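Q: Next up is a structure, given as structure tokens.
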Amino acid sequence: MINRDRIVRTFLDLVAIDSPSGDEDAIAAELERRLRALGLDATQDAAGNVLARRVGRGEPILLSAHMDTVEPGRGIKPVWDGDDIIRSDGTTILGADNKAGCAVILEVIQSAIEDGAETRTIEVAISRGEEVGLLGATKMDYSRITARVAIVIDSGGPPSSIQGQAPYHSTYDIEVHGRSAHAGLEPEKGVPAISIAAEIIVGLPQGRFDAETTGNVGKVQGGLVRNAVPDYALIQGEMRSMVEEKLETLMTNAKKHVDEVAGAHPDARIDAKFGQAYPGYSLTPDDPAVNLLFPVLERLGYRPDPHPVGGGTDGNVFRGHGIASVVIGRGGYNQHTRDEYLVIPEMLQCAAVVEGCVRL
């Protein structure tokens, strides 16, 4: 049986361990230790993701969350707001995104052990670097994962809140190599990388194009001092769409524009790298994850609420590796802000739903 006091204590223990993206060693070690204490074969892969396995019966299921948090996420001091809500004290995020997901996984496994319940084979993947581009999931050792269906515990709201559609996502890195010169004495000898970069930027996709498609130039840097013609500039950005063909059109047009600017500046060198960050998806009635999750939700009295979201999760990456994944809520709200809070009854509901998916 899911134990309220224990799962809350686990959550509070986990948020007490600082784990902003890139600084996850301590939380990874603690998660590995806790999973081993529950009898799982738990280790870290080469990317530092925590992977574990508990042998059961029938088709395996992957339970996934991520261990990193956004900043400001150091020295978190949770505060109670009544009996059912835990908030940040307002100086940091709370870390329900996604320490709540980690706590749910640990509680579901411990509850099954205590009850002597028969379960599917449970595989666990707790990733690093999710908040900075799904890095852990991208570099994960998939040779150690046999499950073809996954519950990803990494959305806001109750467990009935399901990410039913997520975008295809592409990124680009464009480097402009010009030639430096003294800006006051001989500017005509220079090839101004920043000016050329500006020409590129105005032709790149930015903003919302329709309900399904967006583009953004997110980072621009270049130059060293104000009195020198800059010889280098970097442009980094992204494009997203729920429809793969729309994203491909944006990519094609962006590449064509960069080529045109390059042709207009033969003295400069422009190196552009475009690539897919992760694939999108839309849940369908015959999806294996839907067939597993939705009956459990309905049996427990919850109405599944699949809806589109504009961002990606580890679930996008898993689907790119042939693992049917569904992303569910775990009771958190206002994530990525100092106003973040966790609704404990909804975290318990999430644990009950995951428990229903793993038990036979």
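The values are calculated or read from the model by the stated rules, or taken from the named source; none is laboratory data. The model shown is predicted, which means the values in this text are computed figures rather than measured ones. Note: ideal-geometry Cβ built from the backbone for every residue, glycine included; neighbour counts use all protein chains shown. All accessible areas refer to the heavy atoms of the entire protein, side chains included, with ligands and DNA or RNA removed. Shrake-Rupley method; radii C 1.70, N 1.55, O 1.52, S 1.80 Å.
Q: Taking only protein heavy atoms into account and a 1.4 Å probe, give the accessible area per residue of the chain in Å². All intermediate terms of the calculation are to be shown ahead of the outcome.
A: Details: 15600 Å² over 360 residues.
On a per-residue basis, the chain sits at 43 Å².
Q: Taking Cα atoms of region 206-360, Rg/Rh with Kirkwood Rh, to two decimals? Mind showing how you got there, number by number?
A: Values: Rg = 21.9 Å, Rh = 19.6 Å.
A ratio of 1.12.
Q: Further question on the same structure: With θ taken as phi - 60° and the coefficients 6.51, -1.76 and 1.60, list the Karplus ³J(HN,Hα) couplings across region 117-130 in order, rounded to whole Hz; mark glycine and proline as x.
A: Taking θ as phi minus 60°, the curve returns 7, 7, 10, 4, 5, 9, 10, 10, 9, 10, 8, 9, x, 5 Hz for region 117-130.
Q: Taking the Cα centre of the chain as origin, sum charge times position over the Cβ atoms of Lys and Arg (+1) and Asp and Glu (-1), and report the length of that vector in debye to the nearest 20.
A: Values: 35 positive and 52 negative charges, 73 e Å.
In debye, rounded to 20, the chain gives about 340.
Q: Have a look at the DSSP beta bridges in the chain and tell me what percent are antiparallel, nearest 5.
A: Values: 54 of 74 bridges.
Counting only bridges with both partners in the chain, antiparallel ones make up about 75 percent.
Q: When the Cα atoms of the chain are enclosed in a convex hull and the volume is divided per residue, what value in Å³ results?
A: Each residue corresponds to 146 Å³ of Cα convex hull volume.
Q: Still on this structure: Tally Lys/Arg at +1 and Asp/Glu at -1 over every other residue whose Cβ is under 14 Å from the Cβ of M251; what's the total? Don't skip to the answer; put the middle values down first.
A: Values: positive: R240, K246, K255, K256, K273; negative: D173, E238, E244, E245, E248, D259.
That sum, taken over residues with Cβ under 14 Å, equals -1.
Q: List the aspartates and glutamates whose Cα sits under 16 Å from the Cα of K77, skipping any in the same chain fewer than 8 residues away.
A: The reachable aspartates and glutamates, counting only those whose Cα sits under 16 Å from K77, are D13, D18, D89, D97, D339, E340.
Q: For K255 and R226, what does the FRET efficiency come to when R0 = 22 Å and r is the distance between their Cβ atoms, rounded to the nearest 0.05? Present the calculation step by step, with values, prior to reporting the outcome.
A: On the way: r = 33 Å, r/R0 = 1.48.
So, using R0 = 22 Å, E works out to roughly 0.10.
Q: Would you list which lysines come within 16 Å of K273, measuring only between C-alpha atoms, while excluding same-chain residues fewer than 8 positions from it?
A: K219, K255, K256
Q: Could you pull the Cα extents of region 130-176 along its three principal axes, largest to smallest, in whole Å?
A: Reported extents, whole Å, longest axis first: 47, 30, 17.
Q: Taking the Cα centre of region 162-240 as origin and charging only Cβ (+1 Lys, Arg; -1 Asp, Glu), how large is the dipole, in debye to the nearest 20?
A: Details: 6 positive and 9 negative charges, 35 e Å.
So the magnitude is around 160 debye.
Q: Here is a further query. Taking the Cβ of Y302 as the centre, find all other residues whose Cβ is under 15 Å away and add up their charges (Lys, Arg: +1; Asp, Glu: -1).
A: -1
Q: Ignoring trypsin sites (Lys or Arg not before Pro) that are buried or in helix or strand per DSSP, and keeping those with at most 10 other beta carbon atoms within 10 Å, what is the longest stretch of the chain between them? Before the final figure, lay out each step's value.
A: Details: sites that count: R57, R226.
Maximal segment without exposed cleavage sites: 58-225.
Q: Follow-up question, since we're still on this one. Compare the Cα positions of Q349, T92, Y278 along the charge dipole of the chain (+1 at Cβ of Lys, Arg; -1 at Cβ of Asp, Glu; about the Cα centre) and return the one farthest towards the positive end.
A: Q349
Q: State the answer as a single residue: which of S160, T249, Y172 lies farthest towards the positive end of the charge dipole of the chain, with beta carbon charges of +1 for Lys and Arg and -1 for Asp and Glu, about the Cα centre.
A: S160
Q: Moving to a separate point now. Which value, in debye to the nearest 20, gives the size of the charge dipole of region 192-341 about its Cα centre, when Lys and Arg are +1 and Asp and Glu are -1 at the Cβ? Working shown, then result.
A: On the way: 14 positive and 19 negative charges, 69 e Å.
With only Lys, Arg, Asp and Glu charged at Cβ, the dipole is about 340 debye.
Q: Same structure, new question: Counting only protein chains, not ligands or nucleic acids, how are M251, M67 ordered by accessible area (probe 1.4 Å), most first?
A: Numbers: M251 25, M67 0 Å².
Of M251, M67, the descending order of accessible area is M251, M67.
Q: Same structure again: Report the per residue volume, in Å³, of the convex hull enclosing the C-alpha atoms of region 66-140. Let's see the in-between values first.
A: On the way: hull volume 8.1 nm³, N = 75.
In region 66-140, the Cα hull volume divided by residue count equals 108 Å³.
Q: Does region 177-223 come out rounded, prolate or oblate, given a ≥ b ≥ c as the square roots of the eigenvalues of its C-alpha gyration tensor, rounded meaning a/c under 1.5 and, failing that, prolate meaning a/b above b/c?
A: Values: a/c = 5.07, a/b = 3.79, b/c = 1.34.
Taking the square roots of the gyration eigenvalues as a ≥ b ≥ c, region 177-223 is prolate.
Q: Can I ask one more? Could you check the spin-label model distance between V55 and R6? Points 7 Å from the Cα along Cα→Cβ, value in nm.
A: Once both label points are built, they end up 2.3 nm from each other.
Q: Around P78, what is the net charge, scoring Lys/Arg as +1 and Asp/Glu as -1 over all other residues with Cβ under 12 Å from its Cβ? Let's see the in-between values first.
A: Details: positive: R9, K77, R87, K99; negative: D13, D81, D89, E340.
That sum, taken over residues with Cβ under 12 Å, equals 0.
Q: Quick one: if the Förster radius is 45 Å, what FRET efficiency do V243 and L185 give, using the C-beta to C-beta distance and rounding to 0.05? The partial results should precede the final answer.
A: On the way: r = 53 Å, r/R0 = 1.17.
Once the sixth-power term is evaluated, E becomes 0.30.
Q: Multiply the residue separation of D173 and A47 by 0.36 nm, subtract the distance between their alpha-carbon atoms, and state the gained length in nm to one decimal. Working shown, then result.
A: On the way: separation 126, 0.36 × 126 = 45.36 nm, distance 2.30 nm.
This chain segment gains 43.1 nm when fully extended.
Q: Next question. What Kirkwood radius, in Å to one decimal, follows from the Cα pairs of region 158-259?
A: 15.4 Å
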